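The values are calculated or read from the model by the stated rules, or taken from the named source; none is laboratory data. Just so we're clear, the structure is a prediction, and the values are computed from it rather than from any experiment. Methodologically, a virtual Cβ is constructed for each residue, glycine included, from the backbone with ideal geometry; neighbour enumeration extends over all protein chains shown.
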Amino acid sequence: MLRRLLLYLSQAGWARRWVTGWGTARAFARRFVAGETLDDALTATHALNRKGLLVSLDFLGESVHEAKDTELVVSTYRGLIQRIANEEAQASISLKLTHLGLDIGEDLCMANLRHILGDAKAHAIPVTIDMESSEYTERTLRIYRTLRDEYDFSNVGTVIQAYLRRTPDDMRELAAEGAHIRLCKGAYLEPETVALPIKADVDQQYVDVMDAYLKTPGSAYLCIATHDERIIQHAEALLQRDTQLIQRSEFQMLYGIRAARQDALAAAGYPVRVYVPFGDAWYPYFMRRLAERPANLWFFVKNFFGG
């Protein structure tokens with residue numbers, strides 16, 4: 001119930017206006033967000049790189065409603081790519097299609113994405129197309145495949161959410177295609193007809209599709225994006241049984257969450273990438289992080305009322 005309430009609030013305009021004007025919330029959000037500028041993002045990246053961790057940088061933002069609003073998004077990503085290259089940072093980028101204009105038109109979104117992917121490919125920088133709510137799943141996969149297969153962007157990957165009922169079929173197809181996939185649990189408010197409502201069922205589906213994907217022969221690459229200790233330990237056991245799979249996988253975790261576990265996995269020899277968001281559009285991301293881990297909410301409330 002609490003999770004569903006927080007996910008509802010992540011989409012509510014009145015809640016966004018109230019929380020973003022609250023200094024305590026802005027300060028607490030910095031636990032999960034590197035900052036608002038490119039300098040903030042690169043500072044966090046270099047700090048993580050020095051610890052042996054890879055990074056995925058995400059310029060926060062979601063749906064835009066006018067084509068001109070995508071110009072800043074594209075220029076920010078292109079500037080970010082240049083900074084990564086110039087500073088030799090060990091970083092990829094992540095982006096959302098609605099941030100690039102998908103709700104305005106698919107042609108606009110594709111044109112913007114091709115500019116970013118072209119710059120990134122020139123510098124051998126990977127790009128992940130984030131997955132949004134189930135309303136966008138089919139379009140996101142179609143755009144991903146078009147860019148990968150028709151435009152030869154070998155540096156592009158996308159995301160699959162374990163809580164969707166369609167996920168086992170999607171993962172079988174993507175494994176056969178040799179796709180580069182980030183597997184996460186999912187963090188949007190979805191109807192039960194579309195997504196599994198019970199956490200234990202989501203966890204089991206995550207493990208099942210992860211196992212099947214990694215065991216599929218070929219070049220498919222899996223980013224194991226979770227903070228769930230049981231799933232991490234299951235993945236470690238799988239990789240220890242077949243160490244060749246380490247070359248086809250990495251662990252991914254969020255900035256500001258379980259930093260000690262990130263360090264331990266990297267020290268054990270596994271590739272570990274930290275998802276580092278930045279920008280001033282932090283509210284929906286922040287609320288989804290609270291929904292994923294209610295302990296974060298109680299920590300926030302305790303700090304607020306504790307002065």
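Summed over the stretch 60-74, residues that are among the β-branched types (V, I, T) and assigned to a loop (DSSP other than H, G, I, E, B) total 1. Scanning the stretch 180-197 for residues that are at pLDDT below 95 and either part of a helix (DSSP H, G or I) or of a type in the set (A, V, I, L, M) (or both) yields A187, L189.
Could you tell me which residue of the stretch 83-111 is surrounded by the most Cβ atoms within 10 Å (Cβ to Cβ), considering only residues that are part of a helix (DSSP H, G or I) and among the acidic types (D, E)? Don't jump to the end; show me each part of the working.
First, pick out the residues of the stretch 83-111 that are part of a helix (DSSP H, G or I): 83-86, 98-100, 106-111.
Still in the list and also among the acidic types (D, E): 106-107.
Details: E106: 15, D107: 9.
Per the criteria, the residue is E106.
Looking at the stretch 47-59 only, could you name the residues that are touching a residue at least 40 places away in the same chain (Cβ under 8 Å) and either outside any helix (DSSP H, G or I) or of a type outside the set (S, T, N, Q) (or both)? If you could, list the steps in order and put the result at the bottom.
Keep residues of the stretch 47-59 that are touching a residue at least 40 places away in the same chain (Cβ under 8 Å), which gives 48-49, 51-59.
L48, K51, G52, L53, L54, V55, S56, L57, D58, F59 - these are the residues of the stretch 47-59 that are touching a residue at least 40 places away in the same chain (Cβ under 8 Å) and either outside any helix (DSSP H, G or I) or of a type outside the set (S, T, N, Q) (or both).
Condition check for H227 on (1) more than 30 Å from E150 (Cβ to Cβ); (2) part of a helix (DSSP H, G or I); (3) in contact with a strand residue (DSSP E or B) (Cβ under 8 Å, 6 or more places away or on another chain): one failure, at (2). Does the stretch 75-82 contain at least one residue that is aromatic (F, W, Y), part of a helix (DSSP H, G or I), buried (at least 16 other Cβ atoms within 10 Å of the Cβ) and modelled with pLDDT under 95? Scanning the stretch 75-82 turns up no residue that is aromatic (F, W, Y), part of a helix (DSSP H, G or I), buried (at least 16 other Cβ atoms within 10 Å of the Cβ) and modelled with pLDDT under 95. Determine whether T167 is at pLDDT 95 or above, more than 26 Å from R258 (Cα to Cα) and surrounded by 19 or more Cβ atoms within 10 Å (Cβ to Cβ). Against the criterion (at pLDDT 95 or above, more than 26 Å from R258 (Cα to Cα) and surrounded by 19 or more Cβ atoms within 10 Å (Cβ to Cβ)), T167 qualifies. Among the residues of the stretch 255-264, write down those that are of a type outside the set (K, R) and surrounded by fewer than 22 Cβ atoms within 10 Å (Cβ to Cβ). Within the stretch 255-264, G256, I257, A259, A260, D263, A264 meet the criteria. Close Cβ contacts (under 9 Å, 6 or more residues apart or on different chains) running from residues in the stretch 233-253 that are without any contact (Cβ under 8 Å) to a residue 40 or more places away in the chain and among the acidic types (D, E) to residues that are surrounded by fewer than 18 Cβ atoms within 10 Å (Cβ to Cβ) and in a helix (DSSP H, G or I) comprise D242/K215.
Yes/no per residue for (1) buried (at least 17 other Cβ atoms within 10 Å of the Cβ); (2) out of contact with any Gly (no Cβ under 7 Å at 6 or more places or on another chain):
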{"residue": "A162", "(1), (2)": "yes, no"}
{"residue": "G186", "(1), (2)": "yes, yes"}
{"residue": "P197", "(1), (2)": "no, yes"}
{"residue": "A212", "(1), (2)": "no, yes"}
{"residue": "A220", "(1), (2)": "yes, no"}
{"residue": "I232", "(1), (2)": "yes, yes"}
{"residue": "L239", "(1), (2)": "yes, yes"}
{"residue": "T243", "(1), (2)": "no, yes"}
{"residue": "I246", "(1), (2)": "no, yes"}
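Checked against (1) of a type outside the set (S, T, N, Q); (2) in contact (Cβ under 8 Å) with a residue 40 or more places away in the chain; (3) crowded, with 17+ Cβ neighbours inside 10 Å; (4) in a helix (DSSP H, G or I), A120 passes all but condition (2). Selection of the stretch 56-113 for residues being charged (D, E, K, R) and within 18 Å of D39 (Cβ to Cβ) yields D58, R78, R83, E87, E88.
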